[in-house]
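S.K.: Have a look at this one before I ask anything.
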Amino acid sequence: MPRSARRKRTIAGLVILAILLAGCGSKMGLPRIRLPHPKIFYRPEMVLGIPHLSLNPLTSHASSHNWLISLMYDSLVKIQPNGTVIPDIASSWSIQHHYTTYIFHLNPHAKWWNGRPISVHDVAWSYSLYANPKAPMGHGKSLAPLIRRIHIINAGTIEIQLKYPDPAFLNNVAASGNNHPILPAFMISNVPLRHLASSRIFNKIPDMMGSGPYRPVSDNAEGITWIGNPHYFLGAPKSRALITTWANSPTPDINWTSNRTDGQSHALTYPGPNYFMLLYNSTKVPPTVAKAMPEMINRLSLAQTQSHSFVPAYQPVIPGSPYTIVQPFQNPQTLLTKDGYKQVDHMWMDSHRHKVDLTIATAKTPVALSLASAIHRQLTAEGWNNRVAPTHNLSQTIATHAFTIALVQRRAAPYPLLIKEYGPHSSHNYGQYNSPVFRQCLKKISSSPNSTQATKKALTALLQSPPGVYLLWNQRHVYMNSRIQGFRLNPFDPLSGIQNWRVMPSTKRS
């Protein structure tokens, strides 16, 4: 072809391209709405049995529901199996003003399923909804008692101010599975508040909009089929598809079994979390001191100064549990002075000017001695007269009530968590927590197929008058059959509420 002809053809092509671009000019400002076409990963499908539920993140309280919401929506942070908080939508964060101000820097690669970036306005709108006392959600999800102000600093940074210090905010509020996912404000901010709970935006499959690793594509009377999001910003799922089937029987907290992996029965077992606590002798520790002491111990510092992997414990459920209760901060100095306590030469004394002597009974293991010494230093700095008393037989010391406070390590049983740990037949049932309200809640937990509300009420009653100070969770260990590959159980994730599951080989599709 002559050079002049090629030149004319090139010019003609550019003119046509310019005309096409001009015709699209009116649409250039609109967001691109395009759901990704999932790739076939040629990995196994997972089939999980769960109670029947809704996909609306505002209306349900079941633990398995929280897990499914975490499949569809991301949160600010995640929790690893050892309890460490890691980035999710927030790539980094800082904590200021004694745990009352949390500043989050968002991951610029975090996107919704349609490719639209997750903006700081989505985060601000979501948390404003959770902090709105008129929002249509359960009391356990409302953050109105906790959040004071939400402030957008710039296009990638948001500040959340709390009404009182909450060192557990990251674990118990901002992490995935804790009822507070980031929602697509660009789709739902115009929906009237009173219509949010019934809005089809949260239930119309497959037109929903999320950001997580899976999205629902079809549903029927038996369950929901999900596909992996190949463009998930934290990495595509390792399974091609996820199928959730409805199972109406009660689900244990952590008890997974499978008999369809290779024709034989296999079990994924989790023996229950271990944690340390200071157990009160209720006849020797004044009630006011018992209320003030939890706020005087810096659990985060205690965890960071130990060589072992520990996570701060603020209540008798693991961080990230759907049963978490957010307790208001109580100033310990105010509690003590109101009851007549005074500091004389930096030492606390009661209204009769008597020192409060505390003896920390502890086992002679290296970990227990190290923790007891650190607690002794913290209490001494706060003005408490205390000493560490190691013993070879801590159980006998506790059984005879020959202690003021004791550093004990307890193993929380799986389901129901509170029954074996704090029920009337527990071997270490000491402290002021056998109230009629608490006992009534324990009975409901053991008899109800959906015990979430009863568990929350029991925890509330327990935390009003705890048996001691919850200090630290140990790093968790999960025992899994070696024949089940490519699957990792996170005990901090509500996925542990699954009743039954099986792995099905996927067939290669052309």
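The values are calculated or read from the model by the stated rules, or taken from the named source; none is laboratory data. Every value quoted in this text rests on a predicted model; they were computed, and no experiment measured them. As a convention, Cβ positions derive from the backbone with ideal geometry for all residues, glycine included, and neighbour counts pool all protein chains shown.
S.K.: Report the residue count in the stretch 69-107 for those that are over 27 Å from Thr59 (Cα atoms) and out of contact with any strand residue (DSSP E or B) (no Cβ under 9 Å at 6 or more places or on another chain).
M.R.: Residues meeting the conditions: 2.
S.K.: So, in the stretch 449-471, of the ones that are in contact with a Cys (Cβ under 8 Å, 6 or more places away or on another chain) and at pLDDT 80 or above, which residue ends up farthest from Ala372 (Cα to Cα)? Explain how you work it out, then say what you get.
M.R.: Keep residues of the stretch 449-471 that are in contact with a Cys (Cβ under 8 Å, 6 or more places away or on another chain), which gives 454-455, 457-458, 461.
If we keep only those that are at pLDDT 80 or above too, we end up with 457-458, 461.
Details: Lys457: 32, Ala458: 29, Ala461: 28 Å.
Residue satisfying both the conditions and the ranking: Lys457.
S.K.: Tell me, which residue of the stretch 352-366 that is outside any strand (DSSP E or B) and modelled with pLDDT of 90 or more is farthest from Ser282 (Cα to Cα)? Steps first, answer last, please.
M.R.: Initial filter on the stretch 352-366 (outside any strand (DSSP E or B)): 352-354, 356, 364-366.
Subsequent filtering for residues that are modelled with pLDDT of 90 or more retains 364-366.
Details: Lys364: 24, Thr365: 25, Pro366: 27 Å.
Among those residues, the one meeting the criterion is Pro366.
S.K.: When you scan the stretch 368-396, how many residues do you find that are among the hydroxyl-bearing types (Ser, Thr, Tyr) and closer than 19 Å to Ala290 by Cβ?
M.R.: Within the stretch 368-396, the first condition is being among the hydroxyl-bearing types (Ser, Thr, Tyr), and the residues that meet it are 370, 373, 380, 391, 395.
When the remaining residues are screened for being closer than 19 Å to Ala290 by Cβ, the result is 380.
Matching residues across the stretch 368-396 total 1.
S.K.: When you scan the stretch 70-95, how many residues do you find that are in contact with a helix residue (DSSP H, G or I) (Cβ under 6 Å, 6 or more places away or on another chain) and part of a strand (DSSP E or B)?
M.R.: Residues meeting the conditions: 2.
S.K.: Test Lys291 against the criterion of being within 27 Å of the chain's Cα centre (by Cα) and of a type in the set (Lys, Arg), and give yes or no. Before you say what the answer is, go through the steps one by one.
M.R.: Details: within 27 Å of the chain's Cα centre (by Cα): yes; of a type in the set (Lys, Arg): yes.
Spelling it out, Lys291 is indeed within 27 Å of the chain's Cα centre (by Cα) and of a type in the set (Lys, Arg).
S.K.: Out of the stretch 129-188, which residues are at pLDDT below 90, touching a His at 6+ places or on another chain (Cβ under 8 Å) and farther than 19 Å from Ser70 by Cβ?
M.R.: Pro165
S.K.: Tally the residues that are under 24 Å from Gln333 (Cα atoms), out of contact with any Phe, Trp or Tyr (no Cβ under 9 Å at 6 or more places or on another chain), surrounded by 15 or more Cβ atoms within 10 Å (Cβ to Cβ) and small (Gly, Ala, Ser), restricting the search to the stretch 370-404.
M.R.: 2
S.K.: What do you reckon, is Pro416 assigned by TED's automatic domain parsing to the domain that holds Lys284, of a type outside the set (A, V, I, L, M) and modelled with pLDDT under 80?
M.R.: On the way: assigned by TED's automatic domain parsing to the domain that holds Lys284: yes; of a type outside the set (A, V, I, L, M): yes; modelled with pLDDT under 80: yes.
Answer is yes for this residue.
S.K.: Evaluate the stretch 141-156: report whether one residue or more is buried (at least 22 other Cβ atoms within 10 Å of the Cβ), touching a Pro at 6+ places or on another chain (Cβ under 9 Å) and within 27 Å of Tyr323 (Cα to Cα). Before the answer, list the steps.
M.R.: The first filter runs over the stretch 141-156 and keeps only residues buried (at least 22 other Cβ atoms within 10 Å of the Cβ), leaving 143.
Subsequent filtering for residues that are touching a Pro at 6+ places or on another chain (Cβ under 9 Å) retains none.
No - not one qualifying residue is present in the stretch 141-156.
S.K.: Also, I was wondering about something else. Go over the candidates Ile153, Ile201 one by one and state the one that is in contact with a helix residue (DSSP H, G or I) (Cβ under 7 Å, 6 or more places away or on another chain) and not in a loop (DSSP other than H, G, I, E, B). Can you show your working first?
M.R.: On the way: Ile153 fails: in contact with a helix residue (DSSP H, G or I) (Cβ under 7 Å, 6 or more places away or on another chain).
Residue meeting the stated conditions: Ile201.
S.K.: For Gly383, state whether it is touching a residue at least 40 places away in the same chain (Cβ under 8 Å) and assigned to a loop (DSSP other than H, G, I, E, B). Walk me through how you get there before you give the answer.
M.R.: Numbers: touching a residue at least 40 places away in the same chain (Cβ under 8 Å): yes; assigned to a loop (DSSP other than H, G, I, E, B): yes.
The answer is yes for Gly383.
S.K.: Just one of Ala197, Ala175 is touching a residue at least 40 places away in the same chain (Cβ under 8 Å) and buried (at least 18 other Cβ atoms within 10 Å of the Cβ); which is it?
M.R.: Working: Ala197 fails: buried (at least 18 other Cβ atoms within 10 Å of the Cβ).
Result: Ala175 is the single residue among Ala197, Ala175 that is touching a residue at least 40 places away in the same chain (Cβ under 8 Å) and buried (at least 18 other Cβ atoms within 10 Å of the Cβ).
S.K.: Of the residues Phe186, Phe202, which is surrounded by 18 or more Cβ atoms within 10 Å (Cβ to Cβ), closer than 18 Å to Ser128 by Cβ and out of contact with any strand residue (DSSP E or B) (no Cβ under 8 Å at 6 or more places or on another chain)? Quick ask: steps written out before the conclusion?
M.R.: Details: Phe186 fails: surrounded by 18 or more Cβ atoms within 10 Å (Cβ to Cβ).
Going through Phe186, Phe202 in turn, the sole match is Phe202.
S.K.: Checking Leu335 against (1) outside any loop (DSSP other than H, G, I, E, B); (2) under 21 Å from Arg377 (Cα atoms): exactly one of these is not met. Which one?
M.R.: (2)
S.K.: Taking the stretch 355-369 as the search range and keeping residues that are closer than 11 Å to Asn385 by Cα and surrounded by fewer than 19 Cβ atoms within 10 Å (Cβ to Cβ), which one is farthest from the chain's Cα centre (by Cα)?
M.R.: Per the stated criteria, the residue is Lys355.
S.K.: Would you mind finding the one in Asn393, Asn386 that is in the same structural domain as Gly468 (by TED's automatic domain parsing), touching a His at 6+ places or on another chain (Cβ under 9 Å) and of a type in the set (S, T, N, Q)? Please lay out each step first, then the result.
M.R.: On the way: Asn393 fails: touching a His at 6+ places or on another chain (Cβ under 9 Å).
When all the criteria are applied, what remains is Asn386.
S.K.: If the Cβ limit is 8 Å and pairs must be 6+ apart or interchain, which residue in the stretch 304-330 that is under 16 Å from Leu278 (Cβ atoms) pairs with which residue that is at pLDDT below 80 and hydroxyl-bearing (Ser, Thr, Tyr)?
M.R.: Gln315/Thr324; Pro316/Tyr422
S.K.: So which residues in the stretch 96-133 are surrounded by fewer than 18 Cβ atoms within 10 Å (Cβ to Cβ), β-branched (Val, Ile, Thr) and assigned to a loop (DSSP other than H, G, I, E, B), if there are any at all?
M.R.: Thr100, the sole residue that qualifies.
S.K.: Do any residues in the stretch 429-448 that are at pLDDT 75 or above have Cβ atoms under 7 Å from those of residues that are in a helix (DSSP H, G or I) and not hydrophobic (A, V, I, L, M, F, W, C), where the two are at least six apart or on different chains, and which pairs are they?
M.R.: Final answer for the pair search is Cys441/Lys457; Ile445/Thr455.
S.K.: Is it the case that the stretch 171-189 has a residue that's part of a strand (DSSP E or B) and either on the phi < 0 side of the Ramachandran plot or not assigned by TED's automatic domain parsing to the domain that holds Pro87 (or both)? Steps first, please.
M.R.: Pass one, the stretch 171-189, residues part of a strand (DSSP E or B): 175.
Narrowing the set further to residues that are either on the phi < 0 side of the Ramachandran plot or not assigned by TED's automatic domain parsing to the domain that holds Pro87 (or both) leaves 175.
The answer is yes, given that some residue of the stretch 171-189 is part of a strand (DSSP E or B) and either on the phi < 0 side of the Ramachandran plot or not assigned by TED's automatic domain parsing to the domain that holds Pro87 (or both).
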